[in-house]
Structures are given as C-alpha cells and as structure tokens.
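The values are calculated or read from the model by the stated rules, or taken from the named source; none is laboratory data. Note that the coordinates shown come from a computational prediction; the quantities given were computed from them, not determined experimentally. Cβ coordinates were reconstructed from backbone atoms using ideal geometry, including for glycine residues, and neighbour counts include every protein chain displayed. These accessible areas exclude ligands, DNA and RNA; they are computed on the full protein's heavy atoms, side chains included. Shrake-Rupley method; radii C 1.70, N 1.55, O 1.52, S 1.80 Å.
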Amino acid sequence: MSQVIATGKAFEFTPENVKKAKVFIAKYPKGRQQSAVMPLLDLAQRQNENWLSREALEYVGNFLDVPYMRVLEVATFYTMYNLKPVGKYFLQLCRTTPCWLRGSDDLEAVCKNKLGISNGETTEDGMFSLLEVECLGACVNAPVVQINDDFYEDLNAKNFEVVLDKLAKGEVPPKGPQIDRINSAPEGGPKTLLEKTGDA
Amino acid sequence: MPTLTVDGVEVTVDPGTTVLQACEEAGAEIPRFCYHERLSIAGNCRMCLVEMEKSPKLIASCAMPAGDGMVIHTNSQKVKEGREGAMEFLLINHPLDCPICDQGGECDLQDQSMAYGSGTSRYHELKRSVAEKNMGPLIKTTMTRCIHCTRCVRFATEVAGVEDLGAINRGENMEIATYLEQALDSELSGNIIDLCPVGALTSKPYAFTARPWELTKTESIDALDAVGANIRVDSRGQEVMRILPRLHEDVNEEWLSDRSRFSYDGLKAQRLDTPYLRKDGKLQAVGWNEAFDAIAAKLDGLDGGKIGAIAGDIACAESMKALKDLMDLLNSPNIDCRQDGAALTTETRSGYLFNSTIAGIEEADALLIVGSNPRHEAALINARIRKRWKMGNFPIALIGEQMDLGYGHEYLGAGPATLAEVAAGKHSFAKILKKAKRPMIIAGQGALNRADSAAVLALTKKIADDFGLLSDDWNGFNILHTAAARVAGLDLGLVPGEGGKAVKEMLDGSLDVLFLLGADEIDTSRLETSFVIYQGSHGDAGASVADVILPGAAYTEKDAIWVNTEGRPQLGRRAIFPPGEAREDWTILRALSEKIGKTLPYNTILELRAKMVETAPHFADIDVVTPAPWGAFGAEGAIEESAFVNPITDYYLTNPISRSSRIMAECSTTFSKVKREGTGTNG
C-alpha cells in the first residue's frame, strides 16, 4: 500500500485559508513555524474534501518549510487525518465500552445493511464512509456517531436510519441527541427539583 | 559537578551527563538499543533501565540526567527483571530468524537477549509482519525485524542531513520508511547499517555472502578520498567481503562514506593481474622479465627530459617516493602528482593542507567555502561541518556552484570575482569573517584547477592574512583535497623540477616515455606518440593507452602510508594479497630500477620509509598532524570571469576502483543526476 495518494491536481490554499494559516503560524515563536503543522493539515483536509492527498501534504510541507517526511509522520500518526478519499459524510462510529454496551453494534449493522459499508469503506456513490473509532468522549449520550464535525448522540437503529436518510437527501438533521432530551439532561424533561421554592 | 553512587562506586561527572554515561564511567555495563552517543536521545527501547533509590520505578538511564546524590543499582534483582521484561516486549514482534539473518553473530539484540533475556518465550500469538521497504541499492531491509529504536531516523536527520527517513503510523503499526519509498539519497547512508542494532537494515551487496566469525579483520585506511577514514577490511581467503569504518575521533568519528564502504566489489573486477606488453598494436600478457626488458630497451640512452611520470589519485606514499627517486636517477624533471593540474606548490606545506584539522572544524565560528562541494569531495568532512553548524552560531558562506550541502549557508556568488570582493572587505560576509575568533576558509579543487588558480590561491591567502584566520593556536586556511595521494605526493616533492613539465604538457605527446602510476583521470587522447608505461591495479583509462602494463596492488593489498588532507600520515595494512602476478607497487619500481641499471637504494619497505622520513620528517609520526608553518604561496595576478566548477560530477565514480564496481554503477544510475557517456572502463 502506498503511503499517500497523488491526485495529479495541484493543491493550494484558498486566500481565505492562507490568512487562517498565517494566524496559526503567528501563534508560535518565529522560526518555530513547523509547530503549526497540525492545524494546517486540518485546514488542508477541510479544503480538500476531507482527505489529504500527496499534493496537500507537500503543499503544507512547503508552506511551513518542513520536510515532507516530517509532515507525513504527523499525518499518519493521528487518525483525524484521512490519507485516502472519504465520502461526503464521514461517519466515525464509537466502539468503546459505553457505546458498545448501549448498542453501537446495531449502528454498525445499519451501516452494513443500509449503506453496504463496513469499517474503512465508502459507499459507491461517495456519500458515506465509515470508520470505527475509540472513545469520542460523549459516553453520557452513548451510543454516538460523529458525522463530519458534529456528534449525533443517543442513537439507535431507527433514528440512526432517519439521520442517514436525511443526509442522503441533502438535509442536515439537527446535531446532538436524537431522542427527546436536551444535551445530557433526562429524557422527557426534568425529573428532579420539579417544585418551585422561594415564596411557598 | 554531580556526584553519584553506582553499584557502590562513587563517580563525579560533568553536569549534563546522563545516568547511563555515569554508569559507564563507574564501570557498569548498561545494555541499550536506541541510545547512541552520537545521536540525540530517544529513550524508547527501555533496555537501559536501572534502579535509582527513592524512585518507585526503574528509570531509563539514557534519558535521565545524572543528579547529585543519586544512588544507582545496575545489578539488582529488580533491574534484572526489568531488563527481562523490556527484552520480552522487544522480542514479541521480532522474528526468530537468526539463522537466515545477516546480522547474526554481530547482532545487539541477539547478544543482549543472551545476556539479559529470560531464555524462554511466553508469547504464543502471531507476530506482526511488515512489508519490506525499498531504500535503494545499498540498504537491504527486513522491516519485520525492526525494533523501532529510530537510530536510523535520527542518524539521517541529524548527521546525514537528509529528512527522507521517518517513522510512519503509530503503535503496533509503526514502520520505518522513506518518503514515497524513495532510495535514501545520502553519501553517508551506509552508516545506518552499522547503527541498526538488529537485522532490519543490512548491507545489500554483502547480503548472504559471509558470516562475521569467518572474516579476517584488518585495520586499514581508506584511499578513495582524501579524508583518510579509518576502516576495517573484512576478508575471507583472498576476497574482500566488506569494508567497515573504525573509530577515529579526529578523522571519521565512526562513520564512513558510501563510496569508501561499497566500492569493494570493484577490487575484484577489471583487475590487472599479469604484466602486459603491446605487441603488433595489441596488449598481450607477458612475464615480468619481458615487460621490464621492453621498458629497459626503451629507456636505454634516453635523455631524462624525454621521460615523464604522473602519479595518480590513489597511489601510496611509498610508491610515489620510489617513482620520484627513479625519475631523479633518470635525470628527469618531468614528474607530477597533480593529475587535475591544481595550482598547488610544495614550497609552503601549510599552503596545501587542511590546517584547521577535521576535528578543529568543531572549534571554528565562521566558514567560507570556495569552489568546493564538500558533500561530494569529502562527505565525512561535510558531516563534521554539519555537526558544527547544528551547534549553532556558525555562519557558512559558499562561493562556487550552488548546491544542497545539507546545512544552511549563504550563497555569495559563483566565481573568483566574488572572492575578490570578499578579500577586499567589500562584502557583507567579510565583516562576519573579521569578527569571528576562529574563522575558516575551505578552498576546494574547483578553485584550484583553473588557469587563474595561482591568483585565486593568493586571494584566499590574502583573506587568511587579512581577516585573522591565523593566530597562535589557530590556522583557518584549508585546502580540501579529493585525492588520497595528493598530500603525500606534494610532501615528497612530486612536482616538476627545474624546466620540468607539468601534467598538461606531459600529456601533449611530446615525451618519449611516460610513466603513469595509477593515473587514470587524465586526458589520454594525445599519447599515441609516447611510450606509455601504466602501473596500477585496474584496467581503466591509463591502462587502455599503455604500451606496457605493470600490475600493481590495490589499497587493500599493500602495507602503505597515505597522508590525508590534514597532512596526517596513516598506515594502511594489507588485508589480502594482490591477484595473480600483481605486486606491491614500490617493489615493482625497485625491481624495474635494477633492470635498467639505476637501482633504488632500498631493499625493504622500512629502508624506503626511512628515506621518506629524510625527505619529509612528518612521515615518521604516524597518525599525527604536524602543524605546518605559514609561508608564502600563490601568486597575485588577474582573475577570470568564469565560475568555479566542482571537479566531481559523479560522486560514485571518481576512481578506477569505484568505476569497476557494479554497486557504485548502480548507485550512480539511482542517485547521480548527471548524464554519463560511458565510464571509460571498457578500454
């Protein structure tokens, strides 16, 4: 397997991203611009359909005057950088114990049956990619799937399908819990401290 | 100065010393894989664990600075168990393929698992396997064996200055790889083979050819460039199996350049193993007597002025002394050791030496490189410059061809005009030189093989004089040679005598007899009218135009002295015998001299060396750099417009041995960007 995939198309930051990149670089002392490699890789990934091509990696390397190998080391170390093309919606399914206990297996089955993709695969139409990941830190709303930048929480086979259907139609379902609750508040509204205090 | 106790022994060490170094000072042996004294500290193999009192856990001694009052135990039960544990983890994914591994017998992992391992394995699961990587024609990879010490990555990044090697992925999936699987493009790449503590990186040319315990190890000197790296020639029977570096802090530290390391297969190819005589236009194998008779007949009654001799780039000091004496006996002033026509003269020794010494580079604080690419001309000196540059506060400027030297430098200009500007103090870098306490100038052969070289040399001397390059304990004037033979040749006076011809005039066909002592890097096109005697080891350019060929010994086949660019005489030792009828070079000249009735006054190599000492006393002090007094050299004159051109166009093919080497040819096609039109080895 090759380390990186070349597209043959030149990569260049948009003027807007160049500005952002300069802000990141300015956060570090002069001559230590290589420290900005991670935010810049992220910028590049966002601009490049959520993955890093060889051109994007080398562009970042040149931008920061860092050898390509050093950029590649960082990019291969962190799972947040995709080194091959992913779908429009990048599903990161949490498989760590709390999510697993709360039914992440069902969500995996949905992906398999509905989208026809397993871990690391992309649908043929290029809409969805699935990656199993470790704890996303939202155990209180388990099970959770991260879709691009947003967490979709309290999923089960049914509402996960609804979310996927909406995404496929081009709609963006509201992020957060997919059941009747606000953030990690109790389902169906408050359960305690229901009585008002004060003037009683 | 922290004082600590190691196994009951009290040691005081310099601040900044690690616990591991302190332990070694106290005489305790600490096993290690990732730690290497010339590389940065990684601390990732955990083999160097020791027990420190008041610490709940064992500490990694390589990464822990020695502190005052520490009490260290290196042999306690806890340490023993810690080492066993570290060893067990390292061996989890290491294949047990020692019988088919080239590192077997000289493997750190093998040795240390014998000494510190538990002896049995509790691991029954599958081991991971890693795809092999392509690292070019020199380095064979078996990455499954890699234990991720990252010595190779650190060496490439820190010493060699190439950032192509790295560790990709993480955890169990970590792999050492080059960017895009490119070959590792460095002149020092072979050193990662030595550094690798396991059999992950081994020598491709040496693969499966020998085991370390069946090799005869001969400590010798490299003669393929002018650095004079200390080498160990490993031979089996009458075959050189490989060449490894030997520690010499003042010369090569423990590194060796690729050309010196991997040219050894050239010692077996294109060899001249019997005398040849040109009969009816064709070279035919003859006996020594017939060859000598032909020369004697040709020389009989010939005027000395019609005879000339050129000494080549690999010639040893002994053979050059014998050649010089023979030419004197023949009354010939036509002798030269400067094949490339360098404008160096013999009157002032410091005018052709690397006076600062190689180790001295580390004390310098500014450097001007003129007409040289040290990366190709002396890769090990380049590594030293890089080492100094990495310490910081070392401004480097370059006049000559623009190139990547592996360290940051200011590019001043291409030709002598820029040099004149600096010498006149008009250039900004002149101020830096002026301000520096120990500034250096390195002039390469690219500055010296020109028509105006005497003037260029005078300019560099002017810089040396005007900008404080000379003080009581510092000489910052340096000539970087490319030929191992050059300094000894100049020391022994192999330059044209009064009215004598230099190389260029000798090659125009005006001589009746021309003696080439391993001289191949010359223009042989107009030698048809001359009777050419070629003495050397390889059938290269010189041999192809010869009328008589006298087969000599290669540098691994004779006891001989070479003087490196610093002026350091070093003793090379014979590892194997010359092939066939070939003989040690000075003995050939001695035998020939007897045949022509001008017997040289020495019968043994010791008598010959005594004569050398008479001419140049420093030959008596082996491995000593005798400081040379400053004096006059160079000649002021007009300089030309043209840019400096570096002499080496292809690093891998600079001498007849390398040109005969298949490995070097492969390297040349892989790495050298120059287009070559034939190698000149086909005769």
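Scanning the range B:129-138 for residues being surrounded by fewer than 23 Cβ atoms within 10 Å (Cβ to Cβ) and either in contact with a strand residue (DSSP E or B) (Cβ under 6 Å, 6 or more places away or on another chain) or within 16 Å of A:TYR68 (Cβ to Cβ) (or both) gives a total of 3. Looking at B:SER530, B:SER510, just one residue is buried (at least 22 other Cβ atoms within 10 Å of the Cβ), hydroxyl-bearing (Ser, Thr, Tyr) and farther than 19 Å from B:THR654 by Cα, and that residue is B:SER530. Here B:GLY85 meets each of (1) among the small types (Gly, Ala, Ser); (2) within 14 Å of chain A (Cβ to nearest Cβ); (3) not in a loop (DSSP other than H, G, I, E, B) with one exception, condition (2). Just one of the listed residues (A:PHE128, A:PHE77) is of a type in the set (A, V, I, L, M, F, W, C) and open to solvent by 50 Å² or more (accessible area, probe 1.4 Å), and it is A:PHE77. Of the numbered criteria (1) within 14 Å of chain B (Cβ to nearest Cβ); (2) hydrophobic (A, V, I, L, M, F, W, C); (3) buried (at least 18 other Cβ atoms within 10 Å of the Cβ); (4) without any contact (Cβ under 8 Å) to a residue 24 or more places away in the chain, the one A:VAL163 fails is (1). Does B:ALA28 fit the bill of being over 30 Å from B:LYS390 (Cβ atoms), of a type in the set (A, V, I, L, M) and surrounded by fewer than 21 Cβ atoms within 10 Å (Cβ to Cβ)? Taking the combined requirement at face value, the residue satisfies it.
Report yes if some residue within the range B:191-205 is closer than 19 Å to B:GLY104 by Cβ, assigned to a helix (DSSP H, G or I) and within 14 Å of chain A (Cβ to nearest Cβ); otherwise report no.
no
Before we move on, is B:GLY489 crowded, with 20+ Cβ neighbours inside 10 Å, of a type in the set (Gly, Ala, Ser) and under 22 Å from the mean Cα position of the chain (by Cα)? When the stated conditions are applied, B:GLY489 passes them.
Please note which strands (runs of 3 or more DSSP E) are completely contained in the range B:209-325 and include at least 2 residues that are within 30 Å of B:HIS618 (Cβ to Cβ) and free of Cβ contacts under 8 Å to residues at least 40 places away in the same chain.
Details: elements: B:216-221, B:230-236, B:239-245, B:276-279, B:282-285, B:307-311.
It comes to B:230-236.
Residues considered: B:VAL50, B:VAL11. Of these, the only one that is part of a strand (DSSP E or B), of a type in the set (A, V, I, L, M), crowded, with 18+ Cβ neighbours inside 10 Å and in contact (Cβ under 8 Å) with a residue 24 or more places away in the chain is B:VAL50. Residues that are of a type in the set (Val, Ile, Thr), open to solvent by less than 10 Å² (accessible area, probe 1.4 Å) and more than 30 Å from B:ASN478 (Cα to Cα) within the range B:178-230 comprise B:THR178, B:VAL198, B:THR202, listed in sequence order.
State whether the residues of the range B:631-638 include one that is buried (at least 20 other Cβ atoms within 10 Å of the Cβ), touching a residue at least 40 places away in the same chain (Cβ under 8 Å) and within 30 Å of B:ALA420 (Cα to Cα). So far as the range B:631-638 goes, yes, one or more of its residues are buried (at least 20 other Cβ atoms within 10 Å of the Cβ), touching a residue at least 40 places away in the same chain (Cβ under 8 Å) and within 30 Å of B:ALA420 (Cα to Cα). Being away from chain A (no Cβ under 14 Å), closer than 23 Å to B:ILE168 by Cβ and in a loop (DSSP other than H, G, I, E, B) is the filter here, so list the residues in the range B:104-134 that pass it. Scanning the range B:104-134 gives B:LEU126, B:LYS127, B:ARG128.
With respect to the conditions (1) in a loop (DSSP other than H, G, I, E, B); (2) within 14 Å of another protein chain (Cβ to nearest Cβ); (3) without any contact (Cβ under 8 Å) to a residue 12 or more places away in the chain, A:LEU83 lacks only one, and its number is (3). Filtering the range B:165-189 to residues that are assigned to a loop (DSSP other than H, G, I, E, B) and closer than 16 Å to B:HIS36 by Cβ leaves only B:LEU188. With respect to the conditions (1) open to solvent by 10 Å² or more (accessible area, probe 1.4 Å); (2) in a loop (DSSP other than H, G, I, E, B); (3) farther than 30 Å from B:VAL240 by Cβ; (4) out of contact with any Pro (no Cβ under 9 Å at 6 or more places or on another chain), B:ILE522 lacks only one, and its number is (3). Annotation note: of A:LYS27, A:LYS9, A:LYS22, the sole residue that is away from every other protein chain (no Cβ under 14 Å), within 15 Å of A:ASN62 (Cα to Cα) and open to solvent by 50 Å² or more (accessible area, probe 1.4 Å) is A:LYS22. Of the residues in the range B:160-172, at least one is in contact with a strand residue (DSSP E or B) (Cβ under 8 Å, 6 or more places away or on another chain), within 14 Å of chain A (Cβ to nearest Cβ) and on the phi > 0 side of the Ramachandran plot.
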